[in-house]
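Quick notes on the structure that follows.
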Amino acid sequence: MKRLAMFLLLFCGLAGAFSQPVHAASKTKPPVTLYLHGAHGTKRSMTPLVKAAQWDTNASVITAKVNHSGQVKFAGHWRASAKQRLVKVVFANNRTRNYDTIATWLHTVLLGLQQNYNVRQFNVVAHSLGNAGLVFYELKYGQDKQLPQLKKYVAIAGNFDGIPGKHRGQHANWLTPSGKPAWLAPDYQFALKHRQAFPRGVKVLNLFGDHHDHQDGKVLNASSQSLGYLLRGRLASYHTHTFYGKHATHSGLRKSWKVADMVDHYLFNS
């Protein structure tokens, strides 16, 4: 009887052990966040925003360096304990204003992240010309479901309808009641014709500065705001915010702690 009792006790214990629920070994990782500089940008251009994110969210950062031939090399590593993974993208050729070229470079970066780090989703924080690169990337590759998918996008001082130095100063521009810009740059006209290629369901925050006369000193607010008309009806959500004062300049926006705080809250806490 004693042996039978011991056997039953052991059997019940083993059965209880095997009946325990099985939990997933790890949670799905959040999207990585890419930081894209603008024309004449360097490895330091997006540093204030990156450092703010590291401070606010216990984030870890690597750098994606794209050389003049369009090849990408990754430097650094992500800490296993990091809550957010950041990618500072640096283009060696920082003078091109060819949107399609920048889009191709970004495609190379995302392929590298997918192949080397198994990245499946991503966010983007872009300044100035980096915004046009991101939009044209999505117009070109956004319907390819085999690539990492864009989830959230923060535009800062975007020149969607006009390039500073090329179109600036030769015309006035404003938004009509429908939200459409009164003047349309050639690349913006192209984007409008192909807007259906932009993936659905992306969340967008559009930030720009009114330093004086409805511009940030380089880009007209109408150009920055034209993103809303371009992507109307395709987004999960779309919000804008205008900054004023001495830090609301084209370059000042990417250095502002107020901008950084809004960016981090939007990406990581909403």
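The values are calculated or read from the model by the stated rules, or taken from the named source; none is laboratory data. As the structure is a prediction and not an experimental result, all values here were calculated from the model. Reconstructed Cβ throughout: ideal geometry from the backbone, glycine too, with neighbour counts over all protein chains shown. When the accessible area is computed, the model is the full protein with side chains, heavy atoms only, and any ligands, DNA or RNA have been set aside. Shrake-Rupley method; radii C 1.70, N 1.55, O 1.52, S 1.80 Å.
Taking the listed residues L139, L134, L147, L111, the one that is over 26 Å from F243 (Cα atoms) and touching a Leu at 6+ places or on another chain (Cβ under 7 Å) is L147, with no other qualifying. Do we find a residue being crowded, with 18+ Cβ neighbours inside 10 Å, at pLDDT 95 or above, among the small types (G, A, S) and not in a loop (DSSP other than H, G, I, E, B) anywhere in the range 158-177? For the range 158-177, residues crowded, with 18+ Cβ neighbours inside 10 Å, at pLDDT 95 or above, among the small types (G, A, S) and not in a loop (DSSP other than H, G, I, E, B): absent.
Counting just the residues of the range 134-148 that are crowded, with 17+ Cβ neighbours inside 10 Å and more than 17 Å from N98 (Cβ to Cβ), which one comes out modelled with the lowest pLDDT? So that I can check it myself, show each step before the final result.
Looking only at the range 134-148, we keep the residues that are crowded, with 17+ Cβ neighbours inside 10 Å, and these are 134-142, 147-148.
Now drop any that are not more than 17 Å from N98 (Cβ to Cβ), which leaves 142, 147-148.
On the way: G142: 95, L147: 98, P148: 98.
Of everything passing the filter in the range 134-148, G142 is modelled with the lowest pLDDT.
Here K152 clears all of (1) within 15 Å of the chain's Cα centre (by Cα); (2) basic (K, R); (3) part of a helix (DSSP H, G or I) except the condition numbered (3).
Would you point out the residue of the range 70-109, among those that are in a helix (DSSP H, G or I) and among the hydrophobic types (A, V, I, L, M, F, W, C), that is nearest to A59 (Cα to Cα)? It comes out as V109. Keeping to the range 119-141, report how many residues are among the basic types (K, R) and in a helix (DSSP H, G or I). Residues in the range 119-141 being among the basic types (K, R) and in a helix (DSSP H, G or I): 1 in total.
Can you confirm whether N116 is modelled with pLDDT of 95 or more, open to solvent by 50 Å² or more (accessible area, probe 1.4 Å) and not in a loop (DSSP other than H, G, I, E, B)? Here the answer is yes, as N116 does meet what is asked.
Under 9 Å between Cβ atoms, at least 6 apart or on separate chains: pull out the pairs that start in the range 38-65 with a residue that is in contact (Cβ under 8 Å) with a residue 40 or more places away in the chain and open to solvent by 60 Å² or more (accessible area, probe 1.4 Å) and end on any residue that is of a type in the set (F, W, Y) and assigned to a helix (DSSP H, G or I). Close Cβ pairs (under 9 Å, with a partner that is of a type in the set (F, W, Y) and assigned to a helix (DSSP H, G or I)) amount to D56/F268. Counting the residues of the range 216-270 that are open to solvent by 70 Å² or more (accessible area, probe 1.4 Å) and in a helix (DSSP H, G or I) gives 5.
Tell me whether the range 209-220 contains one or more residues that are within 17 Å of the chain's Cα centre (by Cα) and either of a type outside the set (S, T, Y) or under 24 Å from L49 (Cα atoms) (or both). Within the range 209-220 (the criterion being within 17 Å of the chain's Cα centre (by Cα) and either of a type outside the set (S, T, Y) or under 24 Å from L49 (Cα atoms) (or both)), the answer is no, since none of the residues qualifies. Scan the range 195-209 for residues that are open to solvent by 30 Å² or more (accessible area, probe 1.4 Å) and of a type outside the set (G, A, S) and the total you get is 3.
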